[in-house]
Amino acid sequence: MREDYMRLAMELALKGGNRVSPNPMVGAVIVKDGEIIGQGYHEEYGGPHAEINALRSAVSSPEGATMYVTLEPCCHHGKTPPCTEAVIRSGISKVVVGAKDPNPLVAGRGMEILRESGISVEISELESECEALNRIFFHYIRTGTPYVVMKYAMTLDGKTATSSGRSRWISGEVSRENVHRTRNMLTAIMTGSGTVLADDPELTCRIEGGRDPIRIICDSRLRIPLDAKVFRNTDRIKTIVATCTKDRSKIENLESAGCRVIRLKARDGHLDLNMLMKKLGEEKIDSILLEGGSTLNAAALESGIVSSVQAYIAPKIFGGENANGPVGGIGVFSPEMAYMMKNRKITLMDDDILLEYEVERCLQE
């Protein structure tokens with residue numbers, strides 16, 4: 001039963017979705033005499049935390065009850081008061097914590113405060129699952145940079161376009177719908193000038209009730225014309241352009257069009273992606289869906305900014321020696337230098353297959 005209560009708390013946490021970013025998704029369940037008397041989750045950034053919502057929902061006194069919470073209760077003043085204070089005042093006698101909070105402002109201190117007040121505190125058997133629930137938050141807190149998901153669709157022979165450069169559509173409708181759900185979940189979406197010039201994408205989220213991610217365009221020389229679709233609706237969709245150019249006229253034109261321009265020094269003739277991630281992290285962008293072409297994908301892997309990979313594989317074969325694959329550049333010199341993946345997840349998407357992995361070798365970590 002203890003695992004069931006924590007799993008319910010995890011299900012509740014997921015309801016927070018992208019509305020809590022850059023905070024973690026957290027759920028809480030209060031149990032007394034074998035009955036659930038309260039439950040809640042962190043619903044939006046700046047709003048009450050899961051513990052508070054669970055306590056407010058309690059149908060009877062929580063005194064002597066057990067609280068199951070997916071993340072260690074906070075013990076510092078932020079946008080809301082410390083949750084530890086509310087838990088102590090409630091009379092709860094035991095707290096089962098899903099995972100320790102990596103935030104240096106908490107980092108075990110929340111559990112210590114609860115224990116000092118006489119409350120029994122345990123770590124759940126589902127600790128690894130609770131950590132996985134907030135892998136984005138854990139990465140962001142530990143590195144100060146966004147969690148980057150590199151996504152691409154390819155054929156069975158590893159092609160992302162035909163030899164003529166055409167790529168619509170490789171994956172099926174179910175896969176494309178799932179991509180939009182991912183856009184809705186992550187804070188930002190990033191692509192390069194080559195993809196914009198070739199495909200002219202909008203980079204929006206087209207699901208009912210969805211939220212458009214922040215658009216990040218890597219355009220070293222500002223080659224993209226101002227009438228590109230990514231520069232539309234900048235009044236409601238935050239659009240960031242990263243560049244190395246010193247052309248003040250082009251920069252001012254983009255700023256007049258409603259874009260935020262980040263100028264960076266070049267690194268090996270291209271944008272310094274590590275510096276870009278640092279600046280985006282400072283702007284509280286905790287996650288990015290990388291939908292770039294082979295050049296940007298290669299640069300992202302080489303710079304070590306990629307945290308995980310989503311590869312949609314369609315039951316098609318394009319062939320063609322000159323047809324692009326998902327990752328360009330010069331590649332690695334030998335097999336043992338390959339970018340290694342771990343924690344495989346396989347999902348069937350109608351006729352397509354979605355492969356998801358975490359990157360095991362990440363230079364910035």
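The values are calculated or read from the model by the stated rules, or taken from the named source; none is laboratory data. Since the model is a prediction, treat every value here as computed from it, not as a measurement. Please note: Cβ atoms are built from the backbone with ideal geometry, for glycine as well, and neighbour counts cover all protein chains shown. The accessibility values were calculated without ligands, DNA or RNA, using every heavy atom of the protein model including side chains. Shrake-Rupley method; radii C 1.70, N 1.55, O 1.52, S 1.80 Å.
Each of Thr245, Asn233, Ile217 was scored by the projection of its Cα onto the charge dipole of the stretch 206-246, and the greatest displacement toward the positive side belongs to Thr245; charges sit on the C-beta of Lys, Arg, Asp and Glu. Here the peptides 55-64, 27-36 are ranked by packing, the mean other Cβ count within 10 Å, and the order with the highest first is 27-36, 55-64. The residues of the stretch 232-365 expose on average 57 square angstrom of accessible surface per residue, using a 1.4 Å probe on protein heavy atoms. Considered as an equivalent ellipsoid built on the Cα gyration tensor, the stretch 212-310 has semi-axes of 21, 16, 13 Å, the largest given first. Coupling constants for the stretch 315-325 follow from the phi torsions by the Karplus curve (6.51 cos²θ - 1.76 cosθ + 1.60, θ = phi - 60°), and in residue order they are x, 9, 10, 9, x, x, 4, 9, 6, 5, x Hz; glycine and proline get x. When the stretch 1-145 is described by a simple charge dipole with +1 on each Lys and Arg Cβ and -1 on each Asp and Glu Cβ, the residue from His139, Ser124, Ile113 located farthest towards its positive end is His139. Compared with the alpha-carbon gap, the fully stretched path from Ser57 to Asp351 is longer by 101.5 nm at 0.36 nm per residue. In the chain, helices alone account for a calculated mean residue ellipticity at 222 nm of -8000 deg cm²/dmol, with every DSSP H run of four or more residues adding -39,500 (n - 2.57). The radius of gyration of the Cα set in the stretch 49-178, together with its Dmax, comes out at 21.6, 70 angstrom. Using a 1.4 Å probe over the heavy atoms of the protein chains, calculate the carbon and sulfur portion of the accessible area of the chain as a whole percent. Exposed carbon and sulfur together represent 47 percent of the surface. Beta bridges from DSSP with both residues in the chain: antiparallel share about 40 percent, rounded to the nearest 5. Placing +1 on each Lys and Arg Cβ and -1 on each Asp and Glu Cβ, with no other charges, gives the stretch 3-105 a dipole about its Cα centre of roughly 200 debye.
Between Ala153 and Tyr312, the built amide H atoms are under 5 Å apart, and every one of these is 5 or more places off in sequence or on another chain.
Of all DSSP beta bridges confined to the stretch 165-292, the antiparallel ones make up roughly 10%. Projected label points at Ala228 and Glu321, each 7 Å from Cα along the beta carbon direction, are separated by 3.2 nanometres. Grab the beta carbon distance between Asp4 and Asn253, set R0 = 41 Å, and tell me the FRET efficiency rounded to 0.05. It comes to 0.10. The residues of the stretch 47-101 expose, per residue, 38 Å² of accessible area to a 1.4 Å probe.
Taking each residue as 0.36 nm, the span from Asp200 to Ala266 lengthens on full extension beyond its C-alpha to C-alpha distance by 21.3 nm.
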